[in-house]
Amino acid sequence: MDSHYSSAAISVRGLKKSYGNTLALRGVDLEIQQGEIFALLGPNGAGKTTIVEILEGFRHRDEGDVAVLGIDPNRQPMALKIRIGIVLQSTGVERYLSVAETVKMYSSYYPHPRPVGEILGLVGLEAKRDERVLRLSGGQQRRLDVAIALAGDPDLLFLDEPTTGFDPSARREVWEVIKNLQSLGKTVVLTTHFMDEAQYLADRLAIIANGKIVAEGEPETLAGRDRMLATVRFSLPDGVVPPLHLGARMTAAHAYEVKTTLVTKDLFDLTSWAMSAGVDLEDLRVDRPTLEDVYLELTTEGGASKSKEVES
Ligand SMILES: Nc1ncnc2c1ncn2[C@@H]1O[C@H](COP(=O)(O)OP(=O)(O)OP(=O)(O)O)[C@@H](O)[C@H]1O
Ligand SMILES: [Mg+2]
């Protein structure tokens, strides 16, 4: 346990926080390893920003133990701030400065800044280095936000909804920037409302609901997702019915589905029958529960029973 602890970039135990009568965090435990991309997912008001701001040293906790890069953010906020980078949801950068001037200005706040040219390379803004900030596109401005967060060459970055409001290609570009950070050995903590973003970027993620973590793990296996039933769907020509042993259920005229954990075997049985009967399985496909299915199951009222299978 000790060696595990020492490689943790972030370690949180029993974290609680209230705002007046609002219990925002009801006992959160979290362990984020160095070099990991970790995503916090959860509905509005779940407590994500509260967690992140406590980790950044911007908010005080009521109860619990918190260590960020070995530092207690309550006790040594300044020591922590020079070692982390923060991308806020919206930033107020001086719009008439150039890209390079902006990054240089932020670099000057840190004892060991990363060279400006290097930072612009990392976020893909070299070609825009002398452009005024106000002329950047939304996606380029977000890259500049990341560049600013990198100014002090931090080991740990917090990104609050890094791609909200972006078009699909701008989102992809920011994703690549974030993957780039990981290849430099940085630890990244991000909040997002996008399942595909968490799926693509996160090594591990936590789903927060009502001030508690309701699931934590790798995107592929979260909450037993990989062990949940898959659905095989197909349609049959007029007048053809599937033999009983396939266990297919009719869902609409000519449309059938088989719920299964044995996808390979059931597909084999199904296609063997179809080949020997000379039947075409129209629209044959396999659907598995998505991260979104799991998320909705865990965060929607009435969908809380974890053992229940998620139907897609
Ligand atoms: N400064 C504050 N004063 C009072 N209540 C607050 C304050 N900040 C947050 N809260 C409350 O704490 C709870 C958690 O809020 P928080 O901002 O952490 O949620 P979130 O998960 O970041 O939500 P979102 O997805 O909307 O950003 C909410 O009920 C919110 O109303
Ligand atoms: Mg928030």
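The values are calculated or read from the model by the stated rules, or taken from the named source; none is laboratory data. The structure displayed is predicted, hence computed values, not measured ones. Note that we place each Cβ from the backbone using ideal geometry, even for glycine, and neighbour counts take in every protein chain shown.
Some values worked out for this structure:
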| read-out | value |
| --- | --- |
| Evaluation of Leu122 against (1) at pLDDT 90 or above; (2) not in a loop (DSSP other than H, G, I, E, B) (one fails), failing number | (1) |
| Residue check, Gly45 within 13 Å of ligand 2 (Cβ to nearest atom), surrounded by fewer than 19 Cβ atoms within 10 Å (Cβ to Cβ) and not aromatic (Phe, Trp, Tyr) | yes |
| Hey, Arg75 of a type in the set (D, E, K, R) and touching a Gly at 6+ places or on another chain (Cβ under 9 Å) or not | no |
| Residue match in segment 86-93 (condition: assigned to a strand (DSSP E or B), more than 13 Å from ligand 1 (Cβ to nearest atom), in contact with an Asp or Glu (Cβ under 6 Å, 6 or more places away or on another chain) and polar (S, T, N, Q)) | no |
| Among (1) touching a Pro at 6+ places or on another chain (Cβ under 9 Å); (2) surrounded by fewer than 14 Cβ atoms within 10 Å (Cβ to Cβ), the one test that Glu63 misses | (1) |
| Cβ-Cβ under 7 Å pairs, at least 6 apart or on other chains, segment 153-167 side at pLDDT 90 or above, far side within 12 Å of ligand 2 (Cβ to nearest atom) | Phe158/Val52; Leu159/Leu190 |
| Given (1) closer than 20 Å to Ile84 by Cα; (2) away from ligand 1 (no atom under 16 Å from the Cβ); (3) crowded, with 16+ Cβ neighbours inside 10 Å; (4) at pLDDT 85 or above, number of the condition Arg142 does not satisfy | (4) |
| Qualifying residue in segment 2-16 (condition: of a type in the set (A, V, I, L, M), on the phi < 0 side of the Ramachandran plot, within 9 Å of ligand 1 (Cβ to nearest atom) and in contact (Cβ under 8 Å) with a residue 12 or more places away in the chain) | no |
| Residue in segment 89-98 that is within 26 Å of the chain's Cα centre (by Cα) and not polar (S, T, N, Q) present | yes |
| Unmet requirement for Ala151, which otherwise passes all of (1) assigned to a helix (DSSP H, G or I); (2) over 24 Å from Ala24 (Cα atoms) | (1) |
| Any chance Leu134 is in a helix (DSSP H, G or I), within 27 Å of Gly165 (Cα to Cα) and among the aliphatic types (A, V, I, L, M) | yes |
| Odd one out for Pro43 among (1) within 12 Å of ligand 1 (Cβ to nearest atom); (2) within 23 Å of Leu181 (Cα to Cα) | (2) |
| Positions within segment 49-84 being touching a residue at least 40 places away in the same chain (Cβ under 8 Å), of a type in the set (Asp, Glu) and in a helix (DSSP H, G or I), in sequence order | Glu56 |
| Candidates Ile32, Ile51 - the one that is at pLDDT 95 or above, under 24 Å from the mean Cα position of the chain (by Cα), within 16 Å of ligand 1 (Cβ to nearest atom) and hydrophobic (A, V, I, L, M, F, W, C) | Ile51 |
| Candidates Leu122, Leu136, Leu157, Leu88, filtered to the one that is crowded, with 21+ Cβ neighbours inside 10 Å and of a type outside the set (Lys, Arg) | Leu157 |
| Every pair of residues 6+ apart whose Cβ atoms lie under 6 Å, when the first sits in segment 189-214 and is without any contact (Cβ under 8 Å) to a residue 24 or more places away in the chain while the second is part of a helix (DSSP H, G or I) and of a type in the set (Gly, Ala, Ser) | none |
| Candidate set: segment 12-36, residues that are acidic (Asp, Glu) and assigned to a strand (DSSP E or B); chosen: the one surrounded by the fewest Cβ atoms within 10 Å (Cβ to Cβ) | Asp29 |
| Condition check for Glu56: of a type in the set (Asp, Glu), within 19 Å of the chain's Cα centre (by Cα) and more than 16 Å from ligand 1 (Cβ to nearest atom) | no |
